[in-house]
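The values are calculated or read from the model by the stated rules, or taken from the named source; none is laboratory data. Given the structure is predicted, the values throughout are model-derived calculations rather than measurements. Note that each Cβ is placed from the backbone with ideal geometry, even for glycine, and that neighbours are counted across all protein chains shown. In case anyone asks, the SASA skips ligands and DNA or RNA and just uses the protein heavy atoms, side chains included. Shrake-Rupley method; radii C 1.70, N 1.55, O 1.52, S 1.80 Å.
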Amino acid sequence: FQVFNSKTAELLSHHQVEIKQEFPREGWVEQDPKEILQSVYECIEKTCEKLGQLNIDISNIKAIGVSNQRETTVVWDKLTGEPLYNAVVWLDLRTQSTVENLSKRIPGNNNFVKSKTGLPLSTYFSAVKLRWLLDNVRKVQKAVEENRALFGTIDSWLIWSLTGGVNGGVHCTDVTNASRTMLFNIHSLEWDKELCEFFGIPMEILPNVRSSSEIYGLMCLGDQSAALVGQMCFQDGQAKNTYGTGCFLLCNTGHKGSVAIAGAVIRWLRDNLGIIKTSEEIEKLAKEVGTSYGCYFVPAFSGLYAPYWEPSARGIICGLTQFTNKCHIAFAALEAVCFQTREILDAMNRDCGIPLSHLQVDGGMTSNKILMQLQADILYIPVVKPSMPETTALGAAMAAGAAEGVGVWSLEPEDLSAVTMERFEPQINAEESEIRYSTWKKAVMKSMGWVTTQSPESGKNGFLLFVIATFP
């Protein structure tokens with residue numbers, strides 16, 4: 001929870017807590033919705049205590065914005081306020097068989113899902129997670145039958161809970177979150193009847209869709225779209241990248257939208273391989289060698305997302321020699337984040353037709369100077385970082401403060417306070433940048449098509465049949 005001064009955009013106070021992720025089976029990723037809500041209460045409380053110590057009256061807080069992980073799916077009981085299952089997190093893979101079954105029903109000559117939503121049919125988006133819950137969780141089925149169920153992404157769950165819950169809580173979402181469910185028509189800007197029928201989702205469980213900056217008891221904004229506001233990307237063709245758990249690149253395309261993801265790998269090196277104890281240590285390891293020594297790391301732990309959308313891919317480390325050590329692997333992991341950003345940037349430049357002159361960056365990982373320099377080298381354009389890296393929260397605050405009826409924050413370019421920037425210029429030649437990038441692409445191709453039989457995470461067993469024929 002972060003509190004900003006609306007005149008200067010200065011961060012006055014904040015508090016954060018880490019939320020546990022649960023992995024009940026391979027490829028499954030869940031979080032406890034009540035723990036998420038509790039963490040919000042705790043962060044608000046602790047921040048307000050800190051404001052008190054600074055002699056700042058908390059009645060000065062004029063508006064609150066919500067910035068949330070998008071696509072993550074929650075279904076709860078509107079009569080008891082209890083979640084009916086854990087939140088199914090955006091990178092969860094259990095819905096692979098659901099996706100395969102649904103894709104067989106899309107006519108080849110008319111992909112109405114993609115044309116209405118702008119999204120490829122993928123495990124990533126909320127509709128297939130919701131379909132899985134309806135197919136597999138009796139408590140969810142029963143609540144839907146008895147008209148007690150409400151669906152929402154994390155913003156909806158928090159807003160409903162924070163605006164009264166069972167006592168008249170507001171069941172709403174904003175367009176940025178709705179656009180990631182796969183049930184929302186991005187042309188008409190409303191829930192789409194044909195899509196809901198295709199996925200078998202009852203429309204009465206869906207939240208009301210509102211704009212991102214208005215008063216509805218509480219204001220919300222999907223976190224990556226919020227960062228686009230916080231980086232002040234209000235012009236067509238401006239783009240920003242957020243480096244957090246995932247790595248997300250967005251571009252303001254004017255009145256058309258384009259969104260994508262790459263994956264973060266640092267936590268995996270820490271928790272699964274144990275080659276670093278804290279996320280910050282990776283910079284030290286990478287600095288020791290200053291090169292990956294020809295080692296490439298494709299962290300396709302849950303398949304490849306944009307621009308490939310290839311669920312059969314899995315993570316690989318290649319180019320190993322007897323000289324490769326953990327420092328080279330750490331360096332290759334940082335490079336992987338940068339290469340994935342470059343792939344998405346190339347796709348965006350093709351879509352927008354406006355090549356980027358520089359990339360604006362934010363998020364916790366931007367304090368890693370080696371990562372920022374690598375990003376400039378691999379993109380071969382300058383990377384610009386604001387001195388206040390948490391622009392996602394700032395963006396949510398700006399949208400909340402600018403809402404009609406609040407009006408404490410002006411979004412006019414001349415009123416936006418100048419943010420101090422750190423700039424990273426490319427330091428290698430263009431040819432070397434291209435060679436490294438094309439080798440990365442070679443590694444990506446090797447990661448694809450890895451899962452060939454039905455994998456255990458889809459709930460079925462895969463069998464390989466060997467037939468030995470003898471010929472006379």
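Model label points for ASP271 and GLU204, set 7 angstrom from Cα along the Cα-to-Cβ axis, are 3.9 nm apart.
In this structure, GLN38 and ARG138 have a Cβ-Cβ separation that, at R0 = 22 Å, corresponds to a calculated FRET efficiency of about 0.25.
Protection proxy ranking, highest mean first, for peptides 277-285, 311-319: 311-319, 277-285, where packing is the per-residue count of other beta-carbon atoms within 10 Å, averaged.
Based on Cα contacts under 8 Å between residues 6+ apart, the stretch 330-448 shows a relative contact order of 27 percent.
Each residue of the stretch 269-286 was assigned a 3J(HN,Hα) from its phi angle through the Karplus curve 6.51 cos²θ - 1.76 cosθ + 1.60 (θ = phi - 60°); the sequence is 4, 6, 7, 8, 8, x, 7, 9, 8, 10, 4, 5, 5, 4, 5, 4, 4, 4 Hz, with glycine and proline shown as x. The order of the peptides 103-114, 431-442, 177-188 by mean Cβ neighbours within 10 Å, most packed first, is 177-188, 431-442, 103-114.
The HN-Hα couplings worked out from phi for the stretch 83-96 by the Karplus form 6.51 cos²θ - 1.76 cosθ + 1.60 (θ = phi - 60°) are x, 8, 6, 4, 5, 8, 6, 3, 8, 5, 10, 4, 8, 4 Hz, whole numbers, x standing for Gly and Pro.
For the stretch 78-138, the alpha-carbon coordinates run over 45, 21, 20 Å along the three principal axes, in decreasing order. Put a dot 7 Å past the Cα of LEU12, heading toward its Cβ, do the same for LYS287, and the two dots end up 3.6 nm apart.
According to the Cα-based calculation, Rg over Rh for the stretch 2-223 is 1.00, with Rh computed by the Kirkwood formula.
Share of the stretch 271-358's accessible area from carbon and sulfur, percent, 1.4 Å? C and S atoms contribute 52 percent here. Per residue, the accessible area of the stretch 2-223 comes to 44 Å², computed with a 1.4 Å probe over protein heavy atoms only. Taking the accessible area of the stretch 2-223, probe 1.4 Å, and keeping the other protein chains in place, the carbon and sulfur fraction comes to 50%.
Annotation: amide H of ASP174 within the under-5 Å range of ARG210, sequence separation 5 or more or interchain, hydrogens built in the peptide plane.
Based on the Kirkwood approach, the hydrodynamic radius assigned to the stretch 1-101 is 16.2 Å, with every pair of different Cα atoms included.
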